[in-house]
Every structure is written in C-alpha cells, then in structure tokens.
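Colleague: Can you read through this structure? Questions will come right after.
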Amino acid sequence: MTHFTPKDPDYRAKVEASFARQAFLATIGARMADLEPGRCTLEMPTRPDLCQQHGFVHAGATTTLADTAAGYAAFSLMPAGSAVLTTEFKVNLLSPAKGEKLVARAEVIKPGRTLIVVRSDVFGVEGGRETLVATMLATMICLADSPDPA
C-alpha cells in the first residue's frame, strides 16, 4: 500500500463536510466508514428500493458508491481551496450486487497536480464474506482556487 501525504492538513474535515452535503448519498444510506490520505471506504446497506428487477442492487447505486469513494480518495490529497469532479470512469460489473451491504474501497493510483487516477472496488457483504461485484478506474480533476462550498 502506497503512503500519501495530503496537501491540506485539514483534509479529513474538508472531505467529511463535503460528504455531509451530498443529499443523494443520504437518500441511498451511504456512510463514510474510513478515510486516509489517498483512500476512502464507503458502506451502503442494501434495500429493496435500491434493487433492479432481479433483486440485485442497481448498477446505478453500485456505480455511485464506487465513484463517490474514488472522488473522496482523490479529494483527500488536494490542497485547501480546491474542489473535486469526476472527469471519466470505466466500471466493470463482475457479479450480481447483493448482500447485507455494499462496501466501496477506493485508492489513488497516480496523484497528479491536476488529474488523479483512482481505483475503486465494490464488494457485496453477506455474513461477513465479501464478494467483488464491481471495479472502477476513474480520473478526478482538481479544480484549484474553486473551494468546495461550505
């Protein structure tokens, strides 16, 4: 595991404040389970209203979790007074998303000054056993001098 040094010593407060403003994440029940420089873990309990017609968690909810974890992993390394946006991602849905909850673990692969490449894996958790259900490769952009709204 690579060790990253955040450019903002208050990265945790910045990321947590941004996460708290995301109403959609509250709607789907996502919570931040862990945050370290260049890494973010999100969890979301599965619910019938988040599932598609076969009873699996919808790809949209799964992708949201992966993308958001990736964004906050990247944001944790950005300087104060900046904001993060996704510029692109590719997601592979590997297994049906099911279980008691989904867990997304994101880690920065390449931190650049403007673009940051992040890997995000989503696991379905059932009875303590994890199954990889999706993997994402994403690019995030650092919008310097564009503070995340407080």
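The values are calculated or read from the model by the stated rules, or taken from the named source; none is laboratory data. Treat the numbers as computed from the prediction; the structure is a model and nothing was measured. With ideal geometry, Cβ positions are generated from the backbone for all residues, glycine too; neighbour counts draw on all protein chains shown. Keep in mind that these areas ignore ligands, DNA and RNA; they rest on the heavy atoms of the full protein, side chains included. Shrake-Rupley method; radii C 1.70, N 1.55, O 1.52, S 1.80 Å.
Colleague: Exactly one of these conditions fails for Ala13: (1) touching a residue at least 24 places away in the same chain (Cβ under 8 Å); (2) open to solvent by 40 Å² or more (accessible area, probe 1.4 Å). Give me its number.
Modeller: Every condition holds for Ala13 apart from (1).
Colleague: Of the residues Glu107, Glu43, which single one is among the acidic types (Asp, Glu), in contact with a helix residue (DSSP H, G or I) (Cβ under 8 Å, 6 or more places away or on another chain) and closer than 28 Å to Pro9 by Cβ?
Modeller: Among Glu107, Glu43, only Glu107 is among the acidic types (Asp, Glu), in contact with a helix residue (DSSP H, G or I) (Cβ under 8 Å, 6 or more places away or on another chain) and closer than 28 Å to Pro9 by Cβ.
Colleague: I would also like to ask the following. Give me the pairs: first residue in region 137-150 and modelled with pLDDT under 95, second residue among the β-branched types (Val, Ile, Thr), beta-carbon distance under 8 Å, and six or more apart or on different chains, which are they?
Modeller: If the second residue must be among the β-branched types (Val, Ile, Thr), the pairs left are Ala144/Thr114; Asp148/Val84.
Colleague: For region 47-98, give me each residue that is over 24 Å from Asp8 (Cα atoms), surrounded by fewer than 21 Cβ atoms within 10 Å (Cβ to Cβ), touching a residue at least 12 places away in the same chain (Cβ under 8 Å) and touching a Lys or Arg at 6+ places or on another chain (Cβ under 9 Å).
Modeller: Within region 47-98, Gly55, Phe56 qualify.
Colleague: Only one residue in Gly112, Gly38, Gly71, Gly60 is within 20 Å of Ala138 (Cα to Cα) and in contact with a His (Cβ under 9 Å, 6 or more places away or on another chain), so which one is that? Working first, answer last.
Modeller: Details: Gly112 fails: in contact with a His (Cβ under 9 Å, 6 or more places away or on another chain); Gly71 fails: in contact with a His (Cβ under 9 Å, 6 or more places away or on another chain); Gly60 fails: in contact with a His (Cβ under 9 Å, 6 or more places away or on another chain).
From the options Gly112, Gly38, Gly71, Gly60, the qualifying one is Gly38.
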